[in-house]
Amino acid sequence: LLLLCYTEEAAVIVSGLKNTDVFVGESATFTCKLSHPGVKNVQWWLDGSPLHNNFVTEISEQDGMVHTLTLNDVACHDSGTVTFRAGSLISSAKLLVKGISLLE
(Lines give C-alpha, C1' and ligand atoms only; values in the text may rest on other atoms or scores of the structure.)
Protein backbone atom coordinates (compact mmCIF):
# COMPACT_ATOMS: atom_id res chain seq x y z
CA LEU A 1 0.00 0.00 0.00
CA LEU A 2 2.81 2.42 0.83
CA LEU A 3 4.48 1.60 -2.48
CA LEU A 4 1.25 2.35 -4.39
CA CYS A 5 0.86 5.69 -2.63
CA TYR A 6 4.49 6.54 -3.32
CA THR A 7 4.14 5.57 -6.98
CA GLU A 8 1.06 7.74 -7.46
CA GLU A 9 2.72 10.70 -5.76
CA ALA A 10 5.87 10.21 -7.82
CA ALA A 11 4.05 10.20 -11.16
CA VAL A 12 4.83 13.13 -13.44
CA ILE A 13 3.74 14.20 -16.91
CA VAL A 14 6.40 12.99 -19.34
CA SER A 15 4.86 14.68 -22.38
CA GLY A 16 1.94 17.04 -22.11
CA LEU A 17 -0.80 18.22 -24.42
CA LYS A 18 0.16 20.24 -27.48
CA ASN A 19 -1.78 23.08 -29.10
CA THR A 20 -3.71 21.76 -32.10
CA ASP A 21 -5.22 23.52 -35.12
CA VAL A 22 -7.74 21.65 -37.27
CA PHE A 23 -10.41 22.51 -39.82
CA VAL A 24 -14.15 22.14 -39.26
CA GLY A 25 -15.22 18.50 -39.70
CA GLU A 26 -11.77 17.07 -38.94
CA SER A 27 -10.64 15.20 -35.83
CA ALA A 28 -8.42 16.66 -33.13
CA THR A 29 -6.27 14.34 -31.01
CA PHE A 30 -4.57 15.19 -27.72
CA THR A 31 -2.15 12.86 -25.94
CA CYS A 32 -0.65 13.03 -22.46
CA LYS A 33 1.96 10.55 -21.22
CA LEU A 34 2.52 9.88 -17.53
CA SER A 35 5.64 8.39 -15.97
CA HIS A 36 3.72 5.71 -14.01
CA PRO A 37 0.43 3.84 -14.41
CA GLY A 38 -2.19 3.77 -11.68
CA VAL A 39 -2.87 7.48 -11.21
CA LYS A 40 -6.47 7.88 -10.08
CA ASN A 41 -9.15 10.42 -10.97
CA VAL A 42 -8.29 10.85 -14.65
CA GLN A 43 -10.55 13.39 -16.39
CA TRP A 44 -10.59 15.38 -19.64
CA TRP A 45 -12.18 18.84 -19.94
CA LEU A 46 -13.00 21.27 -22.75
CA ASP A 47 -13.32 24.87 -21.54
CA GLY A 48 -14.15 23.69 -18.03
CA SER A 49 -16.78 21.12 -19.06
CA PRO A 50 -15.95 17.47 -18.30
CA LEU A 51 -15.77 15.20 -21.36
CA HIS A 52 -17.16 11.67 -21.52
CA ASN A 53 -16.66 8.79 -23.95
CA ASN A 54 -19.27 8.89 -26.74
CA PHE A 55 -19.47 8.84 -30.54
CA VAL A 56 -17.95 12.32 -30.83
CA THR A 57 -15.48 12.13 -27.94
CA GLU A 58 -13.12 9.14 -27.81
CA ILE A 59 -11.14 8.71 -24.59
CA SER A 60 -8.58 5.93 -24.39
CA GLU A 61 -5.70 4.77 -22.24
CA GLN A 62 -2.69 2.62 -23.11
CA ASP A 63 -0.64 0.82 -20.44
CA GLY A 64 -2.18 3.16 -17.86
CA MET A 65 0.33 5.82 -18.89
CA VAL A 66 -0.63 7.14 -22.33
CA HIS A 67 -3.97 8.95 -22.22
CA THR A 68 -5.57 10.03 -25.50
CA LEU A 69 -8.55 12.23 -26.31
CA THR A 70 -9.93 12.40 -29.85
CA LEU A 71 -12.66 14.89 -30.73
CA ASN A 72 -14.36 13.84 -33.96
CA ASP A 73 -16.12 16.06 -36.50
CA VAL A 74 -15.22 19.27 -34.68
CA ALA A 75 -17.12 22.54 -35.17
CA CYS A 76 -16.04 26.14 -34.67
CA HIS A 77 -17.66 26.23 -31.23
CA ASP A 78 -15.34 23.42 -30.10
CA SER A 79 -12.40 25.86 -30.09
CA GLY A 80 -11.11 26.33 -26.56
CA THR A 81 -8.82 24.93 -23.90
CA VAL A 82 -8.47 21.17 -23.55
CA THR A 83 -7.34 20.08 -20.08
CA PHE A 84 -6.15 16.67 -18.89
CA ARG A 85 -6.13 16.01 -15.15
CA ALA A 86 -4.78 12.90 -13.40
CA GLY A 87 -4.81 13.26 -9.64
CA SER A 88 -2.89 16.47 -8.94
CA LEU A 89 -1.26 16.53 -12.41
CA ILE A 90 -2.65 18.93 -15.00
CA SER A 91 -1.80 19.61 -18.64
CA SER A 92 -3.64 22.02 -20.94
CA ALA A 93 -3.50 23.03 -24.60
CA LYS A 94 -5.47 25.16 -27.02
CA LEU A 95 -7.76 23.72 -29.68
CA LEU A 96 -8.36 26.04 -32.64
CA VAL A 97 -11.02 24.95 -35.12
CA LYS A 98 -10.68 26.86 -38.38
CA GLY A 99 -13.58 27.41 -40.74
CA ILE A 100 -13.16 26.79 -44.43
CA SER A 101 -13.70 29.96 -46.45
CA LEU A 102 -15.86 29.59 -49.53
CA LEU A 103 -14.46 32.84 -50.94
CA GLU A 104 -11.53 32.32 -53.29
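The values are calculated or read from the model by the stated rules, or taken from the named source; none is laboratory data. Note that the structure is a prediction, hence the values are computed from the model and not measured. Backbone-built Cβ (ideal geometry, glycine too); neighbour counts: all protein chains shown. Each accessible area value is taken on the protein alone, full model and side chains, heavy atoms only, with ligands, DNA and RNA left out. Shrake-Rupley method; radii C 1.70, N 1.55, O 1.52, S 1.80 Å.
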Review point. Just Leu89, Leu34, Leu69 to compare: in a GNM of the chain, with alpha carbon springs under 10 Å, which one fluctuates most?
Key: Leu89
Point to revise | the chain, accessible area per residue, ligands and nucleic acids excluded (1.4 Å, Å²) | key: 64 Å²
Practice item. List, in order, the whole-Hz ³J(HN,Hα) value for each residue of the stretch 63-75 obtained from phi through the Karplus relation with A = 6.51, B = -1.76, C = 1.60 and θ = phi - 60°; use x for Gly and Pro. Key: 6, x, 10, 9, 10, 10, 10, 10, 9, 8, 6, 5, 10
Review point. Once you charge only the Cβ atoms, +1 for Lys and Arg and -1 for Asp and Glu, what is the size of the charge dipole of the chain about its Cα centre, to the nearest 20 debye?
Key: 260 debye
Point to revise | Ordering of 46-52, 70-76 by burial proxy (mean other Cβ atoms within 10 Å per residue, highest first) | key: 70-76, 46-52
Check your understanding: Around Leu17, which amide H atoms from residues at least 5 apart in sequence, or from another chain, sit under 5 Å from its own amide H, with H modelled in the peptide plane?
Key -> Ser92
Review point. Quick one: with all protein chains in place, what share of the accessible area of the chain is carbon or sulfur, to the nearest percent (1.4 Å probe)?
Key: 57 percent
Review point. Under the Karplus relation 6.51 cos²θ - 1.76 cosθ + 1.60, θ = phi - 60°, what is the ordered set of whole-Hz ³J(HN,Hα) values for the stretch 37-54, x standing for Gly and Pro?
Key: x, x, 6, 8, 6, 7, 8, 10, 9, 10, 6, x, 9, x, 9, 10, 5, 7
Practice item. For the stretch 13-98, just list the percent of Cα-Cα distances falling in each 5 Å bin from zero outward, please. Key: 3, 15, 29, 26, 16, 8, 3, 0
Revision key, fill the gap. Ranked by GNM mean-square fluctuation in the chain (Cα springs under 10 Å), the top entry among Lys94, Lys40, Lys18 is Lys40
Point to revise | Share, in percent, of DSSP beta bridges within the chain that are antiparallel, nearest 5 | key: 90 percent
